[in-house]
Amino acid sequence: MESLDADLIGAVLNGDTASFEPLITKYSPRVFATARRYARRESEVEDIAQEVWTKAFQKLASFRGEAPFEHWLMRLAVRTCYDFLRAHQRNRETAFTELTGPETDWLDRFVAQPDDASEKAEAARALVGRLLEQLSPAARLVITLLEIEERSVKEISQLTGWSVPLVKVRAFRARAEMRKCVAKMAPEKYM
Amino acid sequence: MNLVDLQKKLLNAARAHPPSDAVPYAFEQRIMARLRARPVEDAALWWGRALWRAAGACVAVSLLLGVWIYLPFNATASDSSFSQELEQTMLAAVDDTDETW
């Protein structure tokens, strides 16, 4: 742990609440980037970040300083995002109805010539966003951490608090769930 | 359409578009105001209150038990007569044998 962080945490634990502010300033970009992976609306992202920092303040005494503060905070952030996904899972869209024009164009291009469909296109980003919204909370979390952030199973286990075998089982199920969702997304005319 | 390729392509797209890490203006100040506004939870105070409540409940139970034991409306008298009757009934045969032999 960086000594500055350790000093600030020590001061907060000794009752100096103001010393918490530099920690928020320093680590909020990471918290917001994590929250934006799971929530679409900016108001939801801000709610998640607020929840993460409130929990961090409340649980600061349980931080033992064996690992960097950032790791501890990211565990808290990932678990808060998972709670958010579980709380909002009923709001998931039930079908890939009404793909936008650019999204349909991107799929058309992919069918005609896969190499021409750019991964950097905004339509591709929108499509993957739709796809992730179809997944169950656990599947979305695993796919995001494993496939998109390219973290190891061990890292995911530490972040989520799940055992390594449980992460592997959930990853297997998540991939199967994702395959089904991709099949649903691809319109029949392409099959 | 190759669904495996499509899935790979979409995951690559997600990797190519990392989310923004922008923090809203004055976010840390809002959090600090929120943290200062909430009452500070003192663990010692919480335990003190809980123990005082528990002590009150214990005293009440002790008083009730004391009242139940010492006041005359308890069933001790009838219990003792019942036990004597039971003893007599059980030992009646032994008493009879004494007289017989």
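The rows are residues; the columns are (1) of a type in the set (S, T, N, Q); (2) at pLDDT 85 or above.
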{"position": "B:A13", "(1), (2)": "no, yes"}
{"position": "B:P24", "(1), (2)": "no, yes"}
{"position": "B:G56", "(1), (2)": "no, yes"}
{"position": "B:V61", "(1), (2)": "no, yes"}
{"position": "B:V67", "(1), (2)": "no, yes"}
{"position": "B:N74", "(1), (2)": "yes, no"}
{"position": "B:S80", "(1), (2)": "yes, no"}
{"position": "B:L91", "(1), (2)": "no, no"}
{"position": "B:D98", "(1), (2)": "no, no"}
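All conditions but one from (1) farther than 20 Å from A:P68 by Cβ; (2) within 14 Å of the chain's Cα centre (by Cα) apply to A:T34; the one that does not is (1). Consider A:A77 carefully, then state whether it is touching a Lys or Arg at 6+ places or on another chain (Cβ under 8 Å), over 19 Å from B:A37 (Cα atoms) and either part of a helix (DSSP H, G or I) or more than 14 Å from chain B (Cβ to nearest Cβ) (or both). Yes, satisfied. Evaluate the range A:105-115: report whether one residue or more is surrounded by 20 or more Cβ atoms within 10 Å (Cβ to Cβ) and within 30 Å of A:P165 (Cβ to Cβ). So far as the range A:105-115 goes, no, none of its residues is surrounded by 20 or more Cβ atoms within 10 Å (Cβ to Cβ) and within 30 Å of A:P165 (Cβ to Cβ). Scanning for something under 30 Å from A:D16 (Cβ atoms) and at the interface with another protein chain (Cβ under 8 Å from one of its Cβ atoms), does the range B:10-20 turn up at least one residue? No: zero hits.
Is the range A:16-24 home to any residue that is surrounded by 20 or more Cβ atoms within 10 Å (Cβ to Cβ), out of contact with any Asp or Glu (no Cβ under 8 Å at 6 or more places or on another chain) and at pLDDT below 95? Yes, the range A:16-24 has at least one match.
The residues of the range A:27-44 that are more than 9 Å from chain B (Cβ to nearest Cβ), within 19 Å of B:R34 (Cα to Cα) and surrounded by 17 or more Cβ atoms within 10 Å (Cβ to Cβ) amount to a single one, A:Y27.
If you scan the range A:158-168, which residues turn out to be loosely packed, with under 14 Cβ neighbours inside 10 Å and either closer than 21 Å to A:A77 by Cα or of a type in the set (V, I, T) (or both)?
Narrowing the range A:158-168 to residues loosely packed, with under 14 Cβ neighbours inside 10 Å: A:161, A:163-165.
Across the range A:158-168, the qualifying residues are A:G161, A:S163, A:V164.
Going residue by residue through the range B:29-46, is there one that turns out to be within 14 Å of another protein chain (Cβ to nearest Cβ), touching a Lys or Arg at 6+ places or on another chain (Cβ under 9 Å) and either more than 30 Å from A:V52 (Cβ to Cβ) or surrounded by 10 or more Cβ atoms within 10 Å (Cβ to Cβ) (or both)? Even if it seems obvious, please write down each step before you answer.
Going through the range B:29-46, the residues within 14 Å of another protein chain (Cβ to nearest Cβ) turn out to be B:29-44, B:46.
From the residues that got through so far, the ones that are touching a Lys or Arg at 6+ places or on another chain (Cβ under 9 Å) too are none.
No, that holds for no residue.
Applying a threshold of 7 Å to beta carbon distances and a minimum spacing of six or more residues, or different chains, the list of pairs starting in the range A:108-134 at a residue that is at the interface with chain B (Cβ under 7 Å from one of its Cβ atoms) and ending at one that is charged (D, E, K, R) and surrounded by fewer than 16 Cβ atoms within 10 Å (Cβ to Cβ) reads A:P114/B:D5.
Can you find, within the range A:135-157, the residue that is nearest to the other protein chains (Cβ to nearest Cβ) among those that are of a type in the set (K, R) and in a helix (DSSP H, G or I)?
We begin by selecting, within the range A:135-157, every residue of a type in the set (K, R); these are A:140, A:151, A:154.
In the following step, the residues that additionally are in a helix (DSSP H, G or I) were identified as A:140, A:154.
On the way: A:R140: 11, A:K154: 20 Å.
Ranking the qualifying residues of the range A:135-157, first place goes to A:R140.
Taking B:N2 as the residue in question, decide whether it is at pLDDT below 85 and either within 14 Å of another protein chain (Cβ to nearest Cβ) or on the phi > 0 side of the Ramachandran plot (or both). Yes.
The values are calculated or read from the model by the stated rules, or taken from the named source; none is laboratory data. Bear in mind the structure is a predicted one, so any value in this text is a computation, not a measurement. Glycine gets a Cβ as well: all are built from the backbone with ideal geometry, and neighbour counts include every protein chain shown.
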